[in-house]
Amino acid sequence: MNTQARPTALITGASSGIGATYADRLARRGHDLLLVARDAQRLQVLAERLRSAYGIAVEVMPADLTQKTDVRKVEQRLREDAAIGLLVNNAGVSMNGTLAQADLEYAEQMIELNVVALTRLAAAAAANFSAVGRGGIINLGSVVALAPEMFNAVYSATKAYVLSLSQTLAAELRSSNVQVQAVLPGLTRTEIFERSGTDASLLPPSMIMAVEELVDAALAGFDQQELVTIPSLPDAADWEAFVAARAVLGPNLSHNQAAARYK
Ligand code: NAP
């Protein structure tokens, strides 16, 4: 396999849901894989299935990405391994409830995973990939980045962070031939609901996407070089209008005088 054409993909949170589905789809495309999550046994079972189904090489790297030493280990691998050319920054957890009643220890762990680990791995990949002028970084955000009032405050803020980071990173890497994509799923049928104590059967079925459909759409967006992919959104013009509205603000966001209405 030509590693230039199909570089190794490192996928975090590959033991279930969206990450495991990326593993399947990228293996099908001929990528060798490096699978990261805490559950080593689940990763091994998936690795074995993908090796025999697609004839690719799969390495398993168990890591708890809320733990500094584990994050550093994955980060170092990303910085040093020239065969890796694609990062799927997917591992993430969710939580329910209001901020006033939040379990702040859990919220802090969520920030460690959804924000800190994602940032460190994106930075390592950006350094490695831009040095050789190729590669891709896929960051899993969420539509709640655009609709924070709909859901938990800390989770939504972590996903707004992912969108913001991806937008800046894409601008920084524009001349280096490294592609950045933020994927913003809506509700997607995975284990995330039971893990965060939500009864998925109470969610409206018309709003929940199958995980295979989500990942296939996200990869189609990646192939189309989209910076932001919202798999559910029927009309891309709606997103473009949102981006254009933001651009209108641009020239007026920093002046040496306050606006007249504040005087
Ligand atoms: P999932 O099925 O619960 O998968 C989460 C993955 O993250 C698992 O592989 C889990 O594996 C891993 N993980 C959790 N804690 C970890 C830790 N401390 N260290 C390393 N890995 C850890 O959920 P999912 O829906 O596929 O979620 C994937 C991403 O999509 C998340 O970033 C999520 O926020 C985002 N997303 C999901 C939805 C949705 O409705 N499903 C919507 C928008 C965005 P282990 O337990 O083996 O560690």
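For the chain, set up a Gaussian network in which alpha carbons nearer than 10 Å are linked by springs, and say which option among L173, L202, L214 fluctuates the most. In this elastic network of the chain, the residue with the biggest mean-square fluctuation among L173, L202, L214 is L202. The string of couplings for segment 67-83 from the Karplus curve (6.51, -1.76, 1.60, θ = phi - 60°) is 9, 3, 5, 5, 4, 4, 5, 5, 4, 4, 4, 5, 6, 9, 8, 6, 6 Hz, one whole number per residue in order, with x for Gly and Pro. Overall size of segment 138-190 from C-alpha positions, given as principal axis extents largest first: 36, 21, 12 Å. Expressed per residue, the C-alpha convex hull volume of segment 104-175 stands at 71 Å³. Placing a pseudo-label 7 Å from each Cα along the Cα-to-Cβ vector at D81 and A236 gives an inter-label distance of 3.3 nm.
Residues whose amide H comes within less than 5 Å of that of G136, counting only those at least five positions distant or on another chain, are L86, L87, Q179 (H built at 1.01 Å from N in the peptide plane).
For the options L104, L43, L165, a Gaussian network treatment of the chain with springs between C-alpha atoms closer than 10 Å singles out L104 as fluctuating the most.
Mind telling me which of P251, P231, P62 comes out most flexible in a GNM of the chain, alpha-carbon contacts under 10 Å? Highest fluctuation among the options: P251. The calculated FRET efficiency for the pair L253 and A100, based on their C-beta separation and a Förster distance of 22 Å, comes to about 0.10.
Multiplying the residue separation of V132 and A160 by 0.36 nm and removing their Cα-Cα distance gives an extension gain of 7.1 nm. So which aspartates and glutamates can K73 reach, going by Cα to Cα under 20 Å and dropping same-chain residues fewer than 8 places off? The reachable aspartates and glutamates, counting only those whose Cα sits under 20 Å from K73, are D32, D39, E59, D64, D81, E112.
From the helices alone, meaning DSSP H stretches of at least four residues, give me the mean residue ellipticity at 222 nm for the chain, per-run term -39500 (n - 2.57), in deg cm²/dmol to the nearest 500.
-13500 deg cm²/dmol
Dipole check for segment 106-263: with +1 at the C-beta of Lys and Arg, -1 at the C-beta of Asp and Glu, and the Cα centre as origin, the magnitude is about 740 Debye.
For the chain, relative contact order (Cα pairs under 8 Å, six or more residues apart, normalised by length) works out to 16 percent.
Length gained on full extension, V116 to D199: 27.1 nm, using 0.36 nm per residue less the C-alpha separation. Per residue, the convex hull spanned by the Cα atoms of segment 3-237 measures out at 121 cubic angstrom.
Couplings 3J(HN,Hα) for segment 209-219, derived from phi with the Karplus relation 6.51 cos²θ - 1.76 cosθ + 1.60 (θ = phi - 60°), are 9, 5, 5, 5, 5, 4, 5, 4, 5, 4, 5 Hz, where x marks Gly and Pro. Under the shape rule built on the C-alpha gyration tensor, where the axes satisfy a ≥ b ≥ c, segment 115-263 is oblate, since a/c reaches at least 1.5 while a/b does not exceed b/c.
Less than 5 angstrom separates the built amide H of L34 from those of A9, L10, I11, E59, all sequence-distant by 5 or more or on a different chain.
Where a number appears in this text, it was derived from the coordinates with a stated rule and is not lab data. Please read all numbers here as calculations on a predicted model, not as lab measurements. We place every Cβ from the backbone using ideal geometry, glycine too, and count neighbours over all the protein chains shown.
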